[in-house]
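Q: The structure follows.
Please treat every number below as a calculation from the coordinates, not as lab data. All of these numbers come straight from a predicted model, not from anything done at the bench. Don't worry about glycine lacking a Cβ; one is built from the backbone with ideal geometry, like all the others, and counts go over all protein chains shown.
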Amino acid sequence: MENQQAPPSELFYNLKPLSTNKIPSLVTIDSSVSSHPWKPDQFTEVCTVNGTHGIIAEKPEGCIVGFVLGRSVADEFEITKIAVAEACKRKGIGSRLIKAIIKQASSSGAAHIYLEVGSKNTAAIKLYEKNGFYTQYTRKKYFTNNSDDALVMSLKLR
Ligand SMILES: CC(C)(COP(=O)(O)OP(=O)(O)OC[C@H]1O[C@@H](n2cnc3c(N)ncnc32)[C@H](O)[C@@H]1OP(=O)(O)O)[C@@H](O)C(=O)NCCC(=O)NCCS
């Protein structure tokens, strides 16, 4: 007989397009895990602007465990935020979200994707590198709250 063991329940989640009524959950996750969290108004502004793409990772019962936001600008695509709830990190959710947004960027016709990441954010940098991004240049003392440098990373799509 085939071994069809069910995965642990915490691994069950679906990727879905973002709807604006979910923004409060995004704010909660972002403020708990990001070193540069956005204010609720910033989420509303970014999520309602034309060209924005948002994907959430949601458990079957409706609990959001992660999200990624991006936007198309001419033939470029910028990933503006990605975050995974603390308790759900290192389970492959960030990877699935990144792969999904890369696919959307590609479908939107973008030639490349870019993003900014804190130079000390090893987890995110490794995630991006694993998915083909490379560092284009460094913006010195970019972040106002801690003077950290930012890496501008990009991925060529065509
Ligand atoms: C970055 C982040 C989204 C990764 O999400 P995640 O679901 O934990 O990522 P995954 O489980 O898919 O990990 C994918 C790969 O990323 C790398 N990675 C993730 N977390 C890491 C960590 N703490 N240290 C080192 N590498 C890490 C690993 O290479 C990992 O692959 P592996 O598990 O096979 O070794 C998550 O840590 C997060 O929400 N961080 C806070 C918000 C943030 O910094 N966002 C980025 C702003 S630019």
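Q: Apply 1/(1 + (r/R0)^6) to the Cβ-Cβ distance of Phe143 and Asp41, taking R0 = 25 Å, and write down the FRET efficiency to the nearest 0.05. Can you show the working numbers first?
A: Numbers: r = 20 Å, r/R0 = 0.78.
The calculated FRET efficiency here is 0.80.
Q: Give, as ranges by residue number, the residues of region 39-60 whose backbone N falls under 13 Å from the point 7 Å along Cα→Cβ of Thr20.
A: In region 39-60, the label zone of Thr20 (backbone N under 13 Å from the point 7 Å along Cα→Cβ) covers 41-52.
Q: Is the chain rounded, prolate or oblate when judged by the Cα gyration tensor, a ≥ b ≥ c being the square roots of its eigenvalues, rounded requiring a/c under 1.5 and prolate requiring a/b larger than b/c?
A: rounded
Q: Check which residues have an amide H placed less than 5 Å from Leu157's amide H, if you skip close sequence neighbours.
A: Amide H neighbours of Leu157, under 5 Å, 5+ apart: His112, Ile113.
Q: Along region 107-115, what does the Karplus equation 6.51 cos²θ - 1.76 cosθ + 1.60 (θ = phi - 60°) give for ³J(HN,Hα), rounded to whole Hz, x for Gly and Pro?
A: Coupling constants for region 107-115: 5, 6, x, 5, 8, 8, 10, 9, 7 Hz.
Q: Given R₀ = 25 Å, FRET efficiency for Glu129-Ser34 by Cβ-Cβ distance, to 0.05?
A: 0.80
Q: ³J(HN,Hα) across region 31-37 via Karplus (A = 6.51, B = -1.76, C = 1.60, θ = phi - 60°), whole Hz, x for Gly/Pro?
A: 5, 8, 10, 8, 7, 10, x
Q: Along the Cα→Cβ direction, 7 angstrom out, place labels at Val49 and Arg90. What is the inter-label distance in nm?
A: Computed distance between label sites Val49 and Arg90 equals 3.5 nm.
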